[in-house]
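Take a look at the structure set out below.
Here, each number is a calculation from the coordinates, and none is a lab measurement. No experiment lies behind these values; they were computed from the predicted model shown. Here Cβ is always computed from backbone atoms with ideal geometry, including for glycine, and neighbour counts include all displayed protein chains.
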Amino acid sequence: MAAVIDLTLDCADAKVLAEFWKTALGYVDEPPPAPFRTREEWLAQFDLPEDDGADDGAWLCDPDGVGPRLCILRVPEPKTAKNRLHMDVRVPGHGGPAERWARIRAESARLVRAGGSVLETFEGHHVVMADPEGNEFCVAAAPARD
């Protein structure tokens, strides 16, 4: 059986980053683990510093249960270098190269409106972007499936 992975992003503002990635991926807030009714209730079981709370993290999931869980956690230190791992946001759909490129451009524009920024464009292939805190990701076409 294959391992299940979560992706974790360190951040300065978990709420801002969570809203961006929910928009980008179509994810939703993950409910707290059973038997807890709220994240605050769940976090209360841990011996956390007084200044740590539910607003210091966000837990997102794919509503269809296909994609990996995304954990967004506030850390005190700022981002200082290029990501060693990045996500690719794959735009679905069929068609020829011009149609795929049009979808990639449209998705990139949508993510700019959501707070992202374009870092570099590889015409006809993919767009390198950054989320509101500078984490790099790419927007590209989804692979063709038989």
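With θ taken as phi - 60° and the Karplus curve 6.51 cos²θ - 1.76 cosθ + 1.60 applied, the whole-hertz 3J(HN,Hα) list for region 121-127 is 10, 9, 2, x, 10, 7, 10 Hz, x standing for glycine and proline.
The fewest-to-most ranking of 123, 136 by surrounding Cβ atoms within 10 Å reads 123, 136.
As an exercise, take the mean of 1/r over every pair of distinct alpha carbons in region 87-141, invert it, and state the Kirkwood radius in angstroms.
Details: mean 1/r = 0.0911 Å⁻¹.
One over the average 1/r among Cα pairs gives 11.0 Å for region 87-141.
For region 6-74, the spherically averaged projection of the C-alpha convex hull amounts to 4.8 nm².
Sorting check: for 125-135, 80-90, 62-72, which peptide has the highest mean count of neighbouring beta carbons within 10 Å, and how do the rest follow? Provide the component values of the computation, followed by the final result.
Working: 125-135: 18.8, 80-90: 11.2, 62-72: 14.5.
So the order, starting with the most tightly packed, is 125-135, 62-72, 80-90.
How about region 69-138: which chymotrypsin sites (Phe, Trp or Tyr not before Pro) there are in a DSSP loop, with at most 15 other Cβ atoms within 10 Å of their Cβ? Spell out each step's value before the answer.
Details: sites: 101, 122, 137; in loops: none.
Listed in order of number, the matching sites amount to none.
Sequence-ordered 3J(HN,Hα) estimates for region 97-108 from the Karplus curve with 6.51, -1.76 and 1.60 and θ = phi - 60° stand at x, 5, 5, 4, 5, 4, 5, 4, 4, 5, 5, 4 Hz, glycine and proline given as x.
Scaling the Cα radius of gyration of the chain by the globular reference 2.2 N^0.38 Å produces a ratio of 1.17.
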